[in-house]
Amino acid sequence: MAKITRESLMSLETYARERKPFREGVMTHKKNRSVALGGHLTLLFEDETTVRYQIQEMLRIERIFELEGIQDELDAYNPLVPDGCNWKATMLIEYADVEQRRLELVRLKGLEHCVWVQVSGFTRIYAVADEDLDRENEDKTSAVHFLRFELNQDVKQALKGGANLAIGCDHPEYNVTLEVVPGNVKASLIGDLA
């Protein structure tokens, strides 16, 4: 999957005009890239479209139009685009009540290292978490993590050949498995593989 370049981004003026239909398209696209694990954990599998949207939004919100600022955003977000041999996901730990969320983030410390994908016939592939910076401290985990799942050639071929895909988390305090990833999500993820 190609990285996003400064030349491929819309100017702030163009984005202001195109934002509504672009955003609607991205929200529809994300439905095919989102997996809920239980009631409090969501994985959004990133790709060029989702990352492009995030960059455009950051440029708009921060009113960034200088080349250096645009490059800073590209450098921050391009690592979230999968490279054909992996999947990259933003993981959200979600609790509506602020106090409950605070308590759960303590209880769920280390959860980001317990998330896995599994293709039928192969062992679980655990996520590499937060390569950009450590988001956990000695007391708690963070509500947002960035995950990478590395897939070898055999796993990719099995997926393309129709093998089942499961996703789960085996943290002692949050153990959940989605035995069969919905077909629309699985198809979207297979599309990321070279």
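The values are calculated or read from the model by the stated rules, or taken from the named source; none is laboratory data. From a predicted model like this one, the values you see are computed outputs, not experimental measurements. Note: ideal-geometry Cβ built from the backbone for every residue, glycine included; neighbour counts use all protein chains shown.
Take N164 and decide whether it is at pLDDT 95 or above, within 23 Å of L80 (Cβ to Cβ) and surrounded by fewer than 18 Cβ atoms within 10 Å (Cβ to Cβ). Criteria not met by N164.
Selection of helices (runs of 4 or more DSSP H) fully inside the range 1-106 by the criterion of at least 3 residues being closer than 30 Å to A166 by Cβ and outside the structural domain of V181 (by TED's automatic domain parsing) returns 12-31, 48-62. Of the residues making up the range 50-89, those that are farther than 30 Å from G110 by Cβ, surrounded by fewer than 16 Cβ atoms within 10 Å (Cβ to Cβ) and in contact (Cβ under 8 Å) with a residue 24 or more places away in the chain are R60, R63, F65, L67, Q71.
The set of residues from the range 16-35 being under 12 Å from the mean Cα position of the chain (by Cα) and without any contact (Cβ under 8 Å) to a residue 24 or more places away in the chain comprises just one member, K30.
The residue pairs whose first member lies in the range 123-136 and is more than 11 Å from H113 (Cβ to Cβ) and modelled with pLDDT of 80 or more, whose second member is among the polar types (S, T, N, Q) and part of a strand (DSSP E or B), and whose beta carbons are closer than 9 Å, counting only pairs six or more residues apart or on different chains, are R124/Q118; I125/Q118. For beta carbons closer than 6 Å, sequence separation of 6+ or different chains, a first residue in the range 176-194 that is modelled with pLDDT of 95 or more and among the basic types (K, R) and a second that is surrounded by 14 or more Cβ atoms within 10 Å (Cβ to Cβ) and outside any helix (DSSP H, G or I), the qualifying pairs are K186/L165.
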